[in-house]
Amino acid sequence: MTEVLEIPKVDEIKAQIEALQENLKIAYRLDPKYRCRTCGGSGNVLTEYWSVGHAVQRIAEGCLDCLGRGYNIEQEEKR
């Protein structure tokens, strides 16, 4: 009895790749080895300052170290 190998369609493979890429982004943010030390994986840096009315104002800006991704993969890119 010969087993038939089914080859998935291109659209199915692309959908699987996109799902894996999203999972990889999450894994990078959760893994302490790749998590950005500046923003802690959030992708934003919180800046606090005192306004004229003596109230604390907060601004969330994109992290410059990881460019808002939440992770640094420079170690892998250097290999």
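Any read-out appearing in this document is the output of simple, stated calculations on the displayed coordinates, not a laboratory observation. Treat the numbers as computed from the prediction; the structure is a model and nothing was measured.
Couple of notes before you dig in:
- Additional length obtainable on full extension of the chain from Gln16 to Ser51, 0.36 nm per residue less Cα span: 7.7 nm
- At the listed q of 0.14 Å⁻¹, the Debye profile of region 10-78, built from one uniform point per Cα, gives log10 I(q)/I(0) equal to -0.56.
- Principal-axis tilt of helix 10-30 within the chain, Cα atoms, nearest 10 degrees: 40 degrees
- Count of Lys pairs (Cα-Cα under 22 Å; at least 8 positions apart or interchain) in the chain: 4
- Average Cα contact separation per residue, region 15-79, under 8 Å, 6 or more apart, as relative contact order %: 31 percent
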